[in-house]
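*Asks:* Here it is: the structure, laid out below.
The values are calculated or read from the model by the stated rules, or taken from the named source; none is laboratory data. Since the model is a prediction, treat every value here as computed from it, not as a measurement. Glycine also receives a Cβ, built like all others from the backbone with ideal geometry; neighbour counts cover every protein chain displayed.
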Amino acid sequence: MARRGTQTPPPPDFEENIVDVDVSEEMRGSYLEYAYSVIYQRALPDARDGLKPVQRRILYSMNEMGLRPDRGHVKCARVVGEVMGKLHPHGDSAIYDALVRLAQPWSMRMQLVDGHGNFGSLGGDDSPAAMRYTEARMSRAAALMVESIDEETVEFRPNYDGQELEPEVLPSAYPNLLVNGGSGIAVGMATNMAPHNLIEVISAARHLIAFPEATLDDLMRFVPGPDLPTGGKIVGLEGVRDAYETGRGTFRTRATAHIESVTPRRKGIVVTELPYAVGPERVVAKIKDLVNAKKISGIADLKDLTDRQQGLRLVIEIKNGFHPEAVLEELYRLTPMEETFGINNVALVDGQPRTLGLRDLLQVYVDHRIEVVRRRSQFRRRKREDRLHLVDGLVIALLNIDEVIRVIRASEDTADAKTRLMGSFELSEIQAQYILDTPLRRLTKYDRLELEKEKKQLTREIAALTAILDSESRLRGLVAEELAEIAKTYGTPRRTVLLESSGQTKTAAVPLEVADDPCRVLLSSTGLLARTMSAELLPADGGRAAHDVIVSTLMATARGQIGAVTSAGRLIRVDVLDLPALPPSASPPSLAGGAPLSEFVALDKDETVVGLASLDSAGLTLGTEQGVVKRVAPDYPKNADEFEVIGLKEGDRVVRALHLESEDDDLVFITSDAQLLRFTASSVRPQGRPAGGMAGIRLSPGAKAIWFGALDGSLESRVVTIAGSSTALPGTQTGAIKVSDYAEYPAKGRATGGVRAHRFLKGEDVILLGWAGPTPAKASGMTGKPIDLPAELGRRDGSGVKLPAPIAAISGPVGGRVETPLPVQDASEDEAEQLPPE
């Protein structure tokens, strides 16, 4: 043995052979060999079945394991081990990653693996569970990929160690490459293919089968653009056509979002679909970064409400004072809610990478499928011919059963029997062996009839298969029919909306922030507040939802403030910008879009809002149950959110608050004992906030004021009074209703008792509802159903006609003057929605 540090001499017969090799040439050759190996064996899909080698091996192994769609799930670790041990000698993580992607509905337009467990999340923000936890089986779409693989439809080749066989390509009963797309990075090249709709792709393939010379424009009538698993929108189709023509192109994918009221006070942007391969976590993180960096304004809150029941749902709450449409455009411009998708249709054709357009992709698949169906037909015909050959031999044996038995009994052994049968009945070796292997119980008269029937059936099937193989048109027609059946069975509606556009996000047409424009604030009888940009006079039933009427309106500006006056004599400031804006398209606007008062003002028990007040001008006028009237001088504190506007006596409450337009208007009281008093507003002098007001109407003992308002004496106006019993429950009253001419009521001085407005009949002792205002007047019941008022005018002191139904509210034209009957109840949206529609 040589000592350490010394060199062992070569053997005597050793011949030195040193070859000089250029290092650059060796590196180039070795690198090209490595690059081709990566391209062919890992990264690029085959254009025929649309699968990379690892994906093909997964589906083939699952098929061999019997993991069909109608079988139970098994642990993914079993599948990975089977694939790695027999076909794919690489890391288990690479195999499992490929299996996981085949099971993700947001990655695959048609899932090829039916998985149980956590297979990750949209966008890859949440990793899938380990393969020892998840379970899988083939999906129905995967079963179509391997259908008829055992009928010699595709070529097989040895696996990595030569002990197993694997298919070079799968039969692929549908164009998987176009339907599911694919992506991969090889050495020196990459592929990125968009998914498409199965029905559209098959329609184009069938058209190409019927018309081999079809142009790209012909095919694009069936495939107008990609159909992404996550839906969304594709903005701009120019890049799509480029990709279909040359194999390369880009388009923009945009999230699907709409604007809705996410809270009673605020609008929000609700995102229900995101661009392909974009997850909600990525969008949320980007929006938060932009808000923190003050690169985007108007976002108050952001919530990810995604779950398995309702799917993706991102709620982006918008601050008051910002246009949600403009904020949405900014989000499209600055966040992954709009992304660019680059199409690079690189796939293997005859083992070589090629860039393919739509027509090329369809042609490669159609050629592959025609070859598969041809080979399948040849296999089936051969199998039937072999069976027919055996059946013919068995029929001969049955016809000569006695002689067959004699020959067999006279034979020395099985080989001798086979030879004698072949010689005596002119049978082939296969037929003779089959006869010898057939049990005697199969040689009955009944079996002979069955064999004759089978022979006829086999003859017909062989003839049909021969006709297909002998006719190229029949073969192509069969392929088209099978594709049509798959589209009918497995097709789903398109998810992605295609938009003709340049694909560039345009500057928002509306400004980001709401301008301080004039608007009208509306208050409804159920306590809903809203604002509208409409400054026109609304009709009597304008702005009324199915259960509601407008009880107060006030002109304001969008960024200003108004006051809500309560029955306790308080004025509470409300920011107009916080009020929900009614759609400008609604004419008249509907208060169904309003928000409940409880969102803006805090009320004590039994306290209600009785009207709206301007904080910038005089005109606030109040009337109370005890007949007090007050015009409030506008000396409001600047920094107080709420303050008193009248000093009420014990037991008194404000009946109504209104904005007085002119001192020439009439102030009107209607009392529970059927008295009406009208007097000029100029007789009431403005007073400071702490003042208790002035005597408005002199009340009889036990009476109270039930309505207070202001009327322009020059307009044609009406007075409506409803009499009933003071003991009747709300909504059940019966009695009399009367509509009379306001001009019949003479003006009286302030602090007088007024004149009689209604004569009580038997069972009537109180005025339940009173109203006075310009025509036309409208009435509604407890459920919001319109109720017609009497057409004929009654006498001022008459008794009226029978009440047709319980009336909850009366309203006239809603403009600068407010003529409405009832104190506003603070109702929630849920309570309001419980009332049935008109």
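*Asks:* Just to be sure, is Leu394 of a type in the set (A, V, I, L, M), out of contact with any helix residue (DSSP H, G or I) (no Cβ under 7 Å at 6 or more places or on another chain) and either under 30 Å from Ala210 (Cα atoms) or not in a loop (DSSP other than H, G, I, E, B) (or both)?
*Replies:* It is false that Leu394 is of a type in the set (A, V, I, L, M), out of contact with any helix residue (DSSP H, G or I) (no Cβ under 7 Å at 6 or more places or on another chain) and either under 30 Å from Ala210 (Cα atoms) or not in a loop (DSSP other than H, G, I, E, B) (or both).
*Asks:* Tell me, please, whether a residue that is hydroxyl-bearing (Ser, Thr, Tyr) and modelled with pLDDT of 85 or more can be found in the range 558-575.
*Replies:* yes
*Asks:* Checking Tyr365 against (1) under 30 Å from Thr153 (Cα atoms); (2) without any contact (Cβ under 8 Å) to a residue 24 or more places away in the chain, only one condition comes out false. Which one?
*Replies:* Tyr365 satisfies all of (1) under 30 Å from Thr153 (Cα atoms); (2) without any contact (Cβ under 8 Å) to a residue 24 or more places away in the chain except (2).
*Asks:* Filter the range 289-329 for residues that are assigned to a strand (DSSP E or B) and not acidic (Asp, Glu) and give the result.
*Replies:* Correct list: Ile299, Ala300, Leu302, Lys303, Gly311, Leu314, Val315, Ile316, Ile318, Phe322.
*Asks:* Select from the range 221-239 the residues that are part of a helix (DSSP H, G or I) and either of a type in the set (D, E, K, R) or at pLDDT 95 or above (or both) and list them in ascending order.
*Replies:* Residue satisfying the conditions is Glu238 alone.
*Asks:* Now for a separate question. Pull up the range 767-782, narrow it to residues that are part of a strand (DSSP E or B) and under 8 Å from Ile807 (Cβ atoms), then point me to the one that is nearest to the chain's Cα centre (by Cα).
*Replies:* The qualifying residue nearest to the chain's Cα centre (by Cα) is Ser780.
*Asks:* While we're looking at this one, here's another question. So, of the residues in the range 741-766 that are touching a residue at least 60 places away in the same chain (Cβ under 8 Å) and within 14 Å of Leu803 (Cβ to Cβ), which turns out to be surrounded by the most Cβ atoms within 10 Å (Cβ to Cβ)?
*Replies:* His758
*Asks:* Further, regarding this structure: Just give me the residues in the range 166-188 being loosely packed, with under 14 Cβ neighbours inside 10 Å and either of a type in the set (A, V, I, L, M, F, W, C) or not in a loop (DSSP other than H, G, I, E, B) (or both), in sequence order.
*Replies:* The answer is Ile185, and nothing else.
*Asks:* Still on this structure, I have one more. Please find, within the range 598-616, the residue that is surrounded by the fewest Cβ atoms within 10 Å (Cβ to Cβ) out of those that are modelled with pLDDT under 85 and over 18 Å from Ala640 (Cα atoms).
*Replies:* Ser598
*Asks:* Quick check on the range 142-165: of everything there that is among the polar types (S, T, N, Q) and surrounded by fewer than 21 Cβ atoms within 10 Å (Cβ to Cβ), which residue is farthest from Pro105 (Cα to Cα)?
*Replies:* Once the filter is applied, the top-ranked residue is Gln163.
*Asks:* Can I ask one more? Given the condition free of Cβ contacts under 8 Å to residues at least 24 places away in the same chain, in contact with an Asp or Glu (Cβ under 8 Å, 6 or more places away or on another chain) and in a loop (DSSP other than H, G, I, E, B), answer yes or no: does some residue in the range 134-143 qualify?
*Replies:* No, the conditions are met nowhere in the range 134-143.
*Asks:* Any residue in the range 622-638 that's free of Cβ contacts under 8 Å to residues at least 40 places away in the same chain: show its pairings with residues that are surrounded by fewer than 20 Cβ atoms within 10 Å (Cβ to Cβ) at Cβ separation under 6 Å, as long as the two are six or more apart or on different chains.
*Replies:* Partner pairs satisfying both residue conditions: Pro634/Ala618; Pro637/Phe643.
*Asks:* What are the residues in the range 72-104 that are touching a residue at least 12 places away in the same chain (Cβ under 8 Å) and in a loop (DSSP other than H, G, I, E, B), if any?
*Replies:* Gly72, His73, Leu87, His88, Pro89, His90, Gln104
*Asks:* Hey, another quick one. Is one or more of the residues making up the range 712-719 among the hydrophobic types (A, V, I, L, M, F, W, C), under 19 Å from Glu625 (Cβ atoms) and surrounded by fewer than 21 Cβ atoms within 10 Å (Cβ to Cβ)?
*Replies:* No; the residues of the range 712-719 include none that is among the hydrophobic types (A, V, I, L, M, F, W, C), under 19 Å from Glu625 (Cβ atoms) and surrounded by fewer than 21 Cβ atoms within 10 Å (Cβ to Cβ).
*Asks:* Give the residues of the range 438-455 that are farther than 14 Å from His389 by Cα and either surrounded by 10 or more Cβ atoms within 10 Å (Cβ to Cβ) or not assigned by TED's automatic domain parsing to the domain that holds Asp386 (or both), sorted by residue number.
*Replies:* Thr438, Arg442, Leu443, Thr444, Asp447, Arg448, Leu449, Glu450, Lys453
*Asks:* Based on what the data block shows, is Val187 in the same structural domain as Gln104 (by TED's automatic domain parsing), among the β-branched types (Val, Ile, Thr), out of contact with any Asp or Glu (no Cβ under 9 Å at 6 or more places or on another chain) and touching a residue at least 24 places away in the same chain (Cβ under 8 Å)?
*Replies:* In short, yes.
*Asks:* Of the residues Arg406, Arg420, which is farther than 30 Å from Ser148 by Cα, touching a Ser or Thr at 6+ places or on another chain (Cβ under 8 Å) and surrounded by 13 or more Cβ atoms within 10 Å (Cβ to Cβ)?
*Replies:* On inspection, the qualifying residue turns out to be Arg420.
*Asks:* From the list Phe679, Phe669, Phe708, pick out the single residue that is surrounded by 16 or more Cβ atoms within 10 Å (Cβ to Cβ), within 25 Å of Phe760 (Cβ to Cβ) and over 58 Å from the mean Cα position of the chain (by Cα).
*Replies:* Of Phe679, Phe669, Phe708, the one residue that is surrounded by 16 or more Cβ atoms within 10 Å (Cβ to Cβ), within 25 Å of Phe760 (Cβ to Cβ) and over 58 Å from the mean Cα position of the chain (by Cα) is Phe679.
*Asks:* Which residue, of Ser428, Ser411, is in contact with a helix residue (DSSP H, G or I) (Cβ under 6 Å, 6 or more places away or on another chain) and either assigned by TED's automatic domain parsing to the domain that holds Gln457 or not charged (D, E, K, R) (or both)?
*Replies:* Exactly one of Ser428, Ser411 is in contact with a helix residue (DSSP H, G or I) (Cβ under 6 Å, 6 or more places away or on another chain) and either assigned by TED's automatic domain parsing to the domain that holds Gln457 or not charged (D, E, K, R) (or both), namely Ser411.
*Asks:* While we're here: Mind checking which pairs have a first residue in the range 223-240 that is under 14 Å from Met193 (Cα atoms) and a second that is basic (Lys, Arg), Cβ under 6 Å, 6 or more apart or different chains?
*Replies:* These pairs meet every condition: Asp227/Arg494; Asp227/Arg495; Pro229/Arg109.
*Asks:* Something else now. Is the range 652-669 home to any residue that is under 21 Å from Leu769 (Cβ atoms), in the same structural domain as Pro776 (by TED's automatic domain parsing), touching a Pro at 6+ places or on another chain (Cβ under 7 Å) and of a type outside the set (A, V, I, L, M)?
*Replies:* No, there is no match, as no residue in the range 652-669 is under 21 Å from Leu769 (Cβ atoms), in the same structural domain as Pro776 (by TED's automatic domain parsing), touching a Pro at 6+ places or on another chain (Cβ under 7 Å) and of a type outside the set (A, V, I, L, M).
*Asks:* Part of a strand (DSSP E or B), at pLDDT below 90, aliphatic (A, V, I, L, M) and assigned by TED's automatic domain parsing to the domain that holds Leu676: does that describe Ile810?
*Replies:* For Ile810, the condition - part of a strand (DSSP E or B), at pLDDT below 90, aliphatic (A, V, I, L, M) and assigned by TED's automatic domain parsing to the domain that holds Leu676 - is met.
*Asks:* In addition: Please enumerate the residues belonging to the range 112-146 that are closer than 13 Å to Met62 by Cβ and polar (S, T, N, Q).
*Replies:* Ser139
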